[in-house]
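Worksheet: the structure to be examined is printed underneath.
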Amino acid sequence: MNSGLMSPEILVALGGVAVAVAVVSVLWLRRRRSPAASVPSAAETVATGATFRESLTKTRHGLLARLQGAFGAGKDAEARIADLEEILLTADVGVKATQRLMESLRPHARELGDVQALRQALREQMVEILMDGSPSRPVATPHVIVVAGVNGVGKTTTIGKLAHHYKQAGKKVLLVAADTFRAAASEQLQRWAQRVGVDCVHHQAGSDPAAVAHDGIAAAVARAVDVVIVDTAGRLHVKQHLIEELKKIVRVIGRQLEGAPHEVLLVIDATTGQNAINQARVFQEALSLTGIVLTKLDGTAKGGAVFAVRAEVGVPIRWVGLGEKAADLAPFDPEAFVDALLVTNGGE
């Protein structure tokens, strides 16, 4: 239809539609840019298989050498299953995870006579153990993350890496130095804040940690911050009074901001084996953890501990530390992780 043949009434109507479309478009763009948008999850920023393969070299070399023996020629499926059980138990996979894997594989042992079929079945069951079946994390602004862990696991460094991740995702991040037990802890966190370009709320050494957390949340609200990451003292998991102090921090944050903290992450050193599981159990009972960060995964041959922690504690692995640089913290991807363990560089 030629516009020159349109009546004035039609032109006015069409003009109204155009204005409405423009308004809707602007609102949609504002909503996409709003700080209330969901905090990036592990699934939204998946580490590549190559990253895991490079970082799990030590674990893979030890595990693959033994698996090749179990998958070797001249053995029937039941013999391979028996060998596989022993290998997994000695590879830090843990009793509970190994039992679960064997319960899934053993009934089909005769059907899995082919080596590739057995390898694929093992892969599928390993991925199933590691898959995150927990509810999605709530969307909130600010999104508050409390980070806990014992001394020496790389907790403060992990917080710096998390801050870098969210900053790179376009989020406004605030760090809160609620570890007032160690004078150097606050200074270390401030250095990380400067390094990645975010703000940090801190008090003098010896201040009440809950008071620091309170001030941090207040500052986050006043500054329209997207993500708040609260550092806490490296508590020895056998010290009950220190656990109670950590519970107080969580209570104070919850009273100040409804629904917060939205995540409680426990940082664990992947090289500590069974002790890591013990730590996770105690913290889980005290804090209802929402996720675990495994650090130093690149420097250990005990990568199988990922399965043990997930199966024994029931808390999803959210992040893994794969190096020393700010970018060396990867959202955990179960499939990429398992493939990095079971697949050689040549894809065999």
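The values are calculated or read from the model by the stated rules, or taken from the named source; none is laboratory data. Since the model is a prediction, treat every value here as computed from it, not as a measurement. No Cβ is skipped: glycine too gets one built from the backbone with ideal geometry, and neighbour counts run over all protein chains shown.
Summary of computed values
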| item | result |
| --- | --- |
| Members of the range 155-176 found to be in contact with a helix residue (DSSP H, G or I) (Cβ under 6 Å, 6 or more places away or on another chain) and within 13 Å of residue 199 (Cα to Cα), listed by number | 160, 163, 164, 167, 173, 174, 175, 176 |
| Given (1) in contact with a Ser or Thr (Cβ under 6 Å, 6 or more places away or on another chain); (2) assigned to a helix (DSSP H, G or I), index of the condition residue 252 fails | (1) |
| Total residues in the range 177-203, condition out of contact with any helix residue (DSSP H, G or I) (no Cβ under 7 Å at 6 or more places or on another chain) and basic (Lys, Arg) | 2 |
| Any hit, the range 250-262, residues being surrounded by 19 or more Cβ atoms within 10 Å (Cβ to Cβ) and either farther than 27 Å from residue 190 by Cβ or out of contact with any helix residue (DSSP H, G or I) (no Cβ under 8 Å at 6 or more places or on another chain) (or both) | yes |
| Unmet requirement for residue 259, which otherwise passes all of (1) in contact with a Pro (Cβ under 8 Å, 6 or more places away or on another chain); (2) without any contact (Cβ under 8 Å) to a residue 12 or more places away in the chain; (3) among the small types (Gly, Ala, Ser) | (2) |
| Residue in the range 297-306 that is in contact with a strand residue (DSSP E or B) (Cβ under 6 Å, 6 or more places away or on another chain), assigned to a loop (DSSP other than H, G, I, E, B) and aliphatic (A, V, I, L, M) present | no |
| Pairs, first among the acidic types (Asp, Glu) in the range 91-115, second in a loop (DSSP other than H, G, I, E, B), C-beta under 7 Å, six or more apart | 92/273; 92/302; 92/304 |
| Residue 241, sole failed condition from (1) touching a residue at least 12 places away in the same chain (Cβ under 8 Å); (2) surrounded by fewer than 20 Cβ atoms within 10 Å (Cβ to Cβ); (3) more than 26 Å from residue 163 (Cβ to Cβ) | (1) |
| Every pair of residues 6+ apart whose Cβ atoms lie under 9 Å, when the first sits in the range 118-144 and is in a loop (DSSP other than H, G, I, E, B) while the second is of a type in the set (S, T, N, Q) and at pLDDT below 75 | 136/38; 136/41; 137/38; 137/41; 139/38; 141/34 |
| Residue within the range 178-192 that is in contact with an Asp or Glu (Cβ under 7 Å, 6 or more places away or on another chain), more than 24 Å from residue 275 (Cβ to Cβ), surrounded by 14 or more Cβ atoms within 10 Å (Cβ to Cβ) and touching a residue at least 60 places away in the same chain (Cβ under 8 Å) present | yes |
| Some residue of the range 178-193 being part of a strand (DSSP E or B) and either of a type in the set (A, V, I, L, M, F, W, C) or at positive phi (or both) | no |
| Residues (over 32 Å from the mean Cα position of the chain (by Cα) and not in a loop (DSSP other than H, G, I, E, B)) located in the range 101-117 | 107, 108, 115 |
| Residue selected from the range 248-303 under the condition among the hydrophobic types (A, V, I, L, M, F, W, C) and touching a His at 6+ places or on another chain (Cβ under 7 Å), by the criterion modelled with the lowest pLDDT | 282 |
| Qualifying residue in the range 132-146 (condition: farther than 27 Å from residue 309 by Cα and of a type outside the set (A, V, I, L, M)) | yes |
